[in-house]
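Structure first, commentary second.
The values are calculated or read from the model by the stated rules, or taken from the named source; none is laboratory data. If you're wondering where the values come from, they're calculated on a predicted model, not measured in any experiment. So basically every Cβ, Gly included, is an ideal-geometry build from the backbone, and we count neighbours across all protein chains shown. Side chains included, ligands, DNA and RNA excluded: accessible areas come from the protein's heavy atoms. Shrake-Rupley method; radii C 1.70, N 1.55, O 1.52, S 1.80 Å.
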Amino acid sequence: MFSVSPLRDVDGTILRWFHLLVDVDDRKRAELELAAREREARVVLESIPAGIGVIGIGGEVEAINGPLLRYYGRTLEELRDWGSTDVVHPDDMPRMIDAVDRAVTLGQPYDLEVRLRRADGVHHWFQVTGSPLIDDEGQIVRWYALHVDIDDRKRAEEALAERERESRFIVDGIAGMIAIFSPDAKLVGGNQQIIDYFQRPIDELDNWATNGITHPDDLQLCIDSFMGSIATGEPYDYETRFLRHDGVWRWFQLRGLPLRNTDGEIIRWYGLLTDVDDRKRTEEQLRRSEAFLADAQRLSKTGGFSLRLETGEIVWSAETYRIFDVDPSSPVTIQTVLSRLDPESVLKVCHVIETARAGNGDFDYDIRLVMADQSVKHVRVLAHSKKNKDGEQELAGAVQDVTERREAEEALNKVRSELSYVTRITSLGLLTASIAHEVNQPLAGIVTNASTCLRVLDTQPPNLEVARDTARRMIRDANRAADVIVRLRALFSRKPPLIEPIDMNEVATEVIALAFGEIQRARVSVVSEFGAALPSVAGARVQLQQVIMNLLRNAIEATSAVEGRPGRIVIRTEARDAEVRLIIEDTGIGFGVDGTKRIFDAFYTTKPDGMGIGLSVSRSIIESHSGRLWAHSNALHGATVGFSVPIHPPGQAETLETDGAVAPR
C-alpha cells in the first residue's frame with residue numbers, strides 16, 4: 001500500500017513530502033477472499049428456493065434474499081420495520097413478534113407456522129425457523145430466518161383433518177358400535193357408541209376375551225371366529241352377547257372386514273357391532289308362536305291356505321298338507337286340490353273360486369276328500385276373499401278335518417234315533433199298560449154288575465131294587481173309566497209352566513246351533529231374520545226350545561226330502577202388539593192333500609215313521625203359555641209354521657211357581 005503525506009511549517013508551507021510504503025498483501029488477499037465469500041454467500045442465499053431473512057443482534061433486518069422479496073413484492077427498506085407492516089397475518093403477528101423478541105433477547109431459536117401475505121394479497125402458510133450465527137467465541141453475531149412455504153402441506157393437513165372429522169362423524173353416526181383392530185388383533189380404537197355401551201376405556205376393552213364383557217357361553221365362538229379371520233384374512237360374521245354397563249346382556253351381530261394397502265397387506269380391521277337383541281327376541285317369539293300355531297293346528301286338525309287368484313299360486317301350512325295327504329315337498333296347484341275332491345265338492349270349490357275372483361266375500365262350506373285308499377274325509381272350509389298388499393285378489397282361509405266329529409255325530413244321531421224309537425215304544429207301552437190298568441177295574445166292575453143285573457131280572461118275580469142298585473154300580477164304574485181317560489188327557493191339557501223373561505232371538509239361536517249337525521247332513525240352507533230389539537216374552541225356556549226344535553226338525557225333514565230345487569229354511573222373529581212371533585218357512589214337501597186341517601191332531605202324521613204327536617205336543621205347550629200355534633201352505637213350495645207368545649209384563653216376578661206339570665216331548 002503506497003501512502004504520501006506533506007510536512008508543513010508553522011505558516012503552513014510545505015517543506016517536504018513523505019512517502020510511506022506498507023506491505024498489505026496479506027490483508028488485501030484476506031479482503032478479497034472475504035468479498036468472494038460474501039458474494040458466494042449472497043449467491044447461496046439467492047439460490048435457496050426459500051425465503052431467507054438476516055436479522056442483526058439488535059433485531060434489525062439486515063438483509064432479505066430475492067425469493068422472499070419477490071414473494072412480498074417489496075424492497076428491503078420497506079421490510080426493515082416488518083412488525084409495523086401487514087406482511088404477517090394479523091392473527092399470527094403477535095406470535096411472530098414474540099418469537100423474534102425472545103430469540104434476540106434470550107438467544108433461543110424459534111420455529112413457528114404463520115401466514116404471510118403475498119404480493120397479490122393472498123396469504124400462504126410458512127414455516128419460519130430462526131437460527132443464530134455464532135462466532136468462534138460463542139457469541140451470536142446475527143440471526144438467519146428460513147421461510148419455507150408449507151401452504152400445500154397445510155391445506156392437505158387441514159383436508160386430512162376435515163376428512164378425519166367427517167369420518168369420525170360418520171363412524172359415530174352409524175347405528176352400531178365400531179371397533180378398529182390392528183393386524184395382530186389389538187383393539188386400537190372405536191366410535192362413541194362402543195364407549196357409551198361399555199363405559200370402559202379402549203385399552204380395557206382390548207382384553208375382551210378375559211374382562212367379562214363377552215357372555216361365557218359365546219366366548220369360544222368369538223375366539224374361534226375372530227382369531228380365525230385374523231389368521232386367514234377372511235371377513236367374519238357371527239352373533240354373540242355383550243354385557244352392557246348396567247349389567248344387561250344383549251345380542252349383537254359382529255361383522256368384520258380387513259383394510260388392505262396397495263400391496264394387499266392388511267393394515268387394519270374394522271368391525272361393526274350391531275345390536276340385534278330386539279330382533280333376536282322377536283325371532284324367538286315368532287318361532288314360539290309358529291310352534292304354538294303348528295301344535296294348535298295339529299291338535300285341532302286345522303290347516304291354513306292362501307290362493308292368489310290371478311297367478312294360481314297356492315301356499316299351504318304343514319297341517320293342510322297332512323289333511324290332503326300331499327307330500328310337503330311337492331308343488332301345490334289347483335289341480336292338486338281338485339284331484340282330492342269328490343264330484344260334488346269339485347263343483348262347490350270351482351264356484352267359490354269364481355265368486356272370489358269377482359270381489360271380496362266370506363265363505364263357509366263343507367267338502368269331501370277322497371284319499372288314495374278310497375277313504376273319505378269330511379273337511380270344513382272357512383275362507384275370505386280380498387285384495388292383498390300387492391293389489392291382487394287373494395283367497396285365504398282355513399281347512400279343518402271334521403271326519404271324526406262327523407262320524408261321531410252320525411253315530412250319536414243313530415244312537416239317538418234308536419233311543420228315541422225305544423223311548424217311543426216304551427212310552428207307548430207304559431201308556432197302554434197305564435190305560436189298561438186304570439180302565440180294567442171299572443170295566444170288570446161293569447161286566448160283573450151287568451151279569452148280576454141280568455140274573456136279578458131273570459128271577460120270578462124280578463128283584464127291581466137289586467137291579468136298580470146294580471145299574472147304579474154300573475154307572476159308577478163307567479164314570480170311573482171316564483175319569484181315567486180325563487186324567488190321561490190332562491197330560492196334554494194347559495198347565496201353568498215356570499214363567500221367566502225369555503229373549504226369543506237367543507232361544508232360537510241356541511236351537512239352530514243344536515241342530516247344526518242335522519242341517520249340514522240334510523244339506524239345506526238355514527237363514528235367520530231376527531227382529532231387532534225384541535221385547536222379552538213370558539215363557540219356560542226349555543219348553544220353548546222344545547217347540548222350536550220340533551218345528552225346525554219338521555222343516556229340515558220336509559226340505560231334505562225334496563229333489564230338483566235348493567232346500568231353504570227361513571227363521572223369522574218379530575214383535576207385534578203385545579206378543580212376539582217366531583215363524584219358520586221352508587221349501588219342503590208341504591202338508592199333503594189334507595193341508596192344515598189335521599196337522600195338529602194327535603197321532604196324525606205325513607211321515608212314514610212318524611207318531612203324529614210332535615205338533616200336538618207343541619200346540620199344548622204354546623197354549624199353556626197363553627199363546628197360539630198356526631200353520632199354512634206356501635203359495636209355491638213348502639209350508640210355514642209359527643207361534644206367538646205374550647210379552648213378559650214389566651215388574652212381574654222372574655218365576656211363578658206352579659204344580660210342576662210339563663207338557664211331554
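From the backbone phi of region 194-205, what are the Karplus-calculated ³J(HN,Hα) couplings (6.51 cos²θ - 1.76 cosθ + 1.60, θ = phi - 60°) in whole Hz, Gly and Pro given as x?
Result, ordered by residue: 5, 5, 5, 5, 8, 6, 9, x, 4, 5, 6, 5 Hz.
Tell me, what is the 1.4 Å probe accessible area of Val352, in Å² to the nearest 10?
10 Å²
With the cut-off at 26 Å, tell me which of the pairs Lys280/Lys387; Lys301/Lys348; Lys186/Lys280; Lys280/Lys301 have Cα atoms farther apart than that. Intermediate values should be presented prior to the final figure.
Working: Lys280/Lys387 32 Å; Lys301/Lys348 22 Å; Lys186/Lys280 29 Å; Lys280/Lys301 30 Å.
Check vs 26 Å cut-off fails for Lys280/Lys387; Lys186/Lys280; Lys280/Lys301.
What is the set of long-range amide H partners of Gly539 at a cut-off below 5 Å, with H atoms built 1.01 Å from backbone N?
Glu500, Ile502
If a/c stays under 1.5 just call it rounded; otherwise compare a/b with b/c (prolate if a/b is bigger, oblate if not). Do that for region 93-160, with a ≥ b ≥ c from the square roots of the Cα gyration tensor eigenvalues. Let's see the in-between values first.
Values: a/c = 2.54, a/b = 2.32, b/c = 1.10.
Judged from the Cα gyration tensor, region 93-160 comes out prolate (a/c at least 1.5, a/b above b/c).
When only the heavy atoms of the protein chains count and the probe is 1.4 Å, how do Arg288, Arg380 rank by accessible area, highest first?
Working: Arg288 120, Arg380 55 Å².
Descending order: Arg288, Arg380.
Where does each of 356-362, 139-145, 4-10 land if you order them by average Cβ count within 10 Å, highest first? Write down the numbers at each step before the final one.
On the way: 356-362: 12.4, 139-145: 15.9, 4-10: 8.7.
Highest to lowest by the protection proxy: 139-145, 356-362, 4-10.
In terms of the Cα gyration tensor, with a ≥ b ≥ c the square roots of its eigenvalues, is region 264-378 rounded because a/c is under 1.5, prolate because a/b exceeds b/c, or oblate? Display every interim value, and only then the final one.
Values: a/c = 2.61, a/b = 2.28, b/c = 1.14.
Verdict is prolate for region 264-378.
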